[in-house]
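Structure first, commentary second.
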Amino acid sequence: GVDNASTRIEFSGDEYFNKNDISEDAIKRLGQLKRLADEQGQTDQALSFNALELHAKASMPNAHWFFKFFTYLYDIVSDYGRSFMQPLGIYASILMLTFLVALEHSAYNAPRNYTQQGCEKYIWWVERVSWIEDKNCVDKINLLQLSGLRAASEYTLYRAAGVLDFSDNGKATDAVANRLFGQSIEPWWMRIWGVFKAIASTALLFLAALGLRNKYRIK
């Protein structure tokens, strides 16, 4: 019964609303407050009411588990679309994890010793990561002069750029794959990780763009 043209909604945080109220009436009230705030151009308020409404819907006993899971994931990853730093931080963490896993592969698959005369040497973890083989030994055993750090960095970079690229066709990745995995293609576990990272990266970059839009759109 209020006049939308002359009514303002003002609150400074979600704590003013009872998050344990998950009834159908509560969801309707929150939806109405969201529409009222949106009509008045109060973007931050509308986003907060939207977050409360989604939380209430996901907390209903009869809510589908699929909706519950993705709603809570939406909250954790981007604070219901209100944050752009959270998805960017998670995206950076995925890239860092990719780099560390690739770096460990480079250490594991680097040659520990060489049977050729004059090339016998044991190489420990740090040396295997930063190792560039002696030119004479490279000529004998046909290995590329590529350090583990460089190979892991290159792998992370083209994985970062290939947001929806599951095949890496057309990229010069043989040298990197040989240095990291000892073969010209990725092993199956890294291929699965690549597919997961591609899908997660697409979703995270979309949520980051959504957060930027919600944060800076004109009220």
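The values are calculated or read from the model by the stated rules, or taken from the named source; none is laboratory data. Predicted model, so just to flag it, every value in this text is computed and none were measured. So basically every Cβ, Gly included, is an ideal-geometry build from the backbone, and we count neighbours across all protein chains shown. Each accessible area value is taken on the protein alone, full model and side chains, heavy atoms only, with ligands, DNA and RNA left out. Shrake-Rupley method; radii C 1.70, N 1.55, O 1.52, S 1.80 Å.
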Do you know which residues across segment 84-93 are in contact (Cβ under 8 Å) with a residue 12 or more places away in the chain and under 8 Å from the mean Cα position of the chain (by Cα)?
87, 88, 90, 91
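Matching residues to (1) under 22 Å from residue 63 (Cα atoms); (2) at pLDDT 80 or above; (3) β-branched (Val, Ile, Thr):
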position	(1), (2), (3)
15	no, no, no
19	yes, no, no
22	yes, no, yes
25	yes, yes, no
29	yes, yes, no
34	yes, yes, no
37	no, yes, no
44	no, yes, no
49	yes, yes, no
Reported set for segment 34-54 where residues are surrounded by 19 or more Cβ atoms within 10 Å (Cβ to Cβ), farther than 17 Å from residue 215 by Cβ and touching a residue at least 24 places away in the same chain (Cβ under 8 Å) is 52, 53, 54
If you check residue 56 against the conditions, is it part of a helix (DSSP H, G or I) and farther than 24 Å from residue 216 by Cβ?
yes
For residue 96, the lone unmet condition from (1) more than 21 Å from the chain's Cα centre (by Cα); (2) modelled with pLDDT of 90 or more is (1)
Do any helices (runs of 4 or more DSSP H) entirely within segment 137-219 hold 3 or more residues that are in contact with a Lys or Arg (Cβ under 7 Å, 6 or more places away or on another chain), open to solvent by 60 Å² or more (accessible area, probe 1.4 Å) and at pLDDT 85 or above, and if so, which?
none
